[in-house]
Amino acid sequence: MMKKFFFALSLLFLCNTLSGVAQDLIVKIDATQIKAKVMEITSDAVRYKRFSNPDGPTYVLSVAEIDYIRYVNGEVDRFKKSVSTQPQTPAAEAQPAPITQPAPTKQPAASAEQKPTAIPSTPAAGEYVLRRYKVGEYYSRDGVEGIICSVTEDGLHGTIVSLDEIYLMWSGFRKPNLQVVGANDSTDGRVNMEIVAAYIAANNLKWEDFPAFKWCRDKGDGWYLPAIDEVLTFGNNYNGGTRARVDRQMRNKFNETAKAHGGQRMSRMVYYFSSTEKDEKSAYTSYLEIEPPFVVEIPKYNKFLVRAMRRF
């Protein structure tokens, strides 16, 4: 009886030991292998932790880069033949916060014999680290750079403002040629950009007739002149989330980020143009100081500060 007992105990210990070292194997289409613990699979990406660092950051890899995944229990998910999306570009930043994700739903498939190889010390092509962003930080990815001025609750998305700023007119029309464009959205500057673009096309005008919009547009895809509520949010976050008190630490963070990456300090005394139109003569502006009024209507043909905005 004692022999049977010790045999059963040894067997249990062996099983626990083996389960403790088991890992999933991600095999890319270029035959690169990654030992991992798969956390989540979506239609376009796989999130996982490296087997050598289970408490470390969560990595993200496009399914377009993956041939198949062999799980601990021998099941295999194949991706190569059914996915045609383009691989994602590695991010320039690192130092992510660990993110807990639910375990994937695995689909049974034929098993495959493959010897795992060593795990690379740096992200492979198409692989990047999932990270959370914070207001005031530098953002740089896929050639886009700026200062983060707002983030979603999960810290994964938000808006950035350009590193630089410039004095420009909203539009160059004066009496008797003042006109209402229809850019009256107060929450999303992208909508106003589309309205201005349609107005230009319909009236045989040029982007040069709307200098502030043109400057933002010329920065590339996705950049726009922010709506008035977006400028107000920027101002609040520049002051630490409220204008009831001065938060010099957050102000310094914005300005130091700008300076460190070749940008310009924020102005607290001059109003910034928004893309939100008031009437044929004026557009709404806002500034970053803590004293009201935070919103003022300014003639469109006057030159005031402009910073471009973009979502990520």
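The values are calculated or read from the model by the stated rules, or taken from the named source; none is laboratory data. Model, not experiment: these values are computed from the prediction. In this analysis, Cβ positions are derived from the backbone assuming ideal geometry, glycine residues included, and neighbour counts consider all displayed protein chains. Just the protein is used for accessible areas: all its heavy atoms, side chains included, with ligands, DNA and RNA removed. Shrake-Rupley method; radii C 1.70, N 1.55, O 1.52, S 1.80 Å.
Given R0 = 25 Å, the distance between the Cβ atoms of Arg174 and Ala202 translates into a calculated FRET efficiency of 0.75.
So how much slack lies between Asp30 and Val72, counting 0.36 nm per residue of separation and subtracting their Cα-Cα distance, in nm? Don't jump to the answer; show the numbers that get you there.
Details: separation 42, 0.36 × 42 = 15.12 nm, distance 2.18 nm.
Computed gain between Asp30 and Val72 is 12.9 nm.
Between Lys214 and Glu137, the modelled labels are 3.7 nm apart [label points 7 Å from Cα along Cα→Cβ]. What region 127-224 shows is 49 Å² of accessible area per residue, with the surface traced by a 1.4 Å probe over protein heavy atoms.
Extension gain Arg268-Arg245, at 0.36 nm per residue separation less the Cα-Cα distance, in nm?
On the way: separation 23, 0.36 × 23 = 8.28 nm, distance 1.42 nm.
Result for the pair: 6.9 nm of gain on full extension.
Rolling a 1.4 Å probe over the protein heavy atoms of region 198-312, with every protein chain left in place, gives an accessible area that is 45 percent carbon and sulfur. Looking at the square roots a ≥ b ≥ c of the eigenvalues of the Cα gyration tensor of region 205-287, which shape do they give, rounded for a/c under 1.5, prolate if a/b is larger than b/c, or oblate? Note, shape of region 205-287 comes out oblate.
For region 220-304, compute the number of Lys pairs whose alpha carbons are separated by less than 28 Å, excluding pairs fewer than 8 positions apart on the same chain. Could you put the intermediate results ahead of the total?
Working: Lys253/Lys303; Lys259/Lys303; Lys278/Lys300; Lys278/Lys303; Lys281/Lys300; Lys281/Lys303.
Within region 220-304, the lysine pair count is 6.
Work through the residues other than Ser52 whose Cβ is under 11 Å from its Cβ and net out their charges, Lys, Arg +1 and Asp, Glu -1.
On the way: positive: Lys35, Lys37, Lys49, Arg50; negative: Asp55.
That sum, taken over residues with Cβ under 11 Å, equals +3.
Each label was represented as a point 7 Å from its Cα along the Cα-to-Cβ direction; for Thr187 and Ala22 these points are 4.8 nm apart.
Under the simplified labelling scheme, the Asp279-Asp164 pair shows an inter-label distance of 3.6 nm, with each label point 7 Å from Cα along Cα→Cβ.
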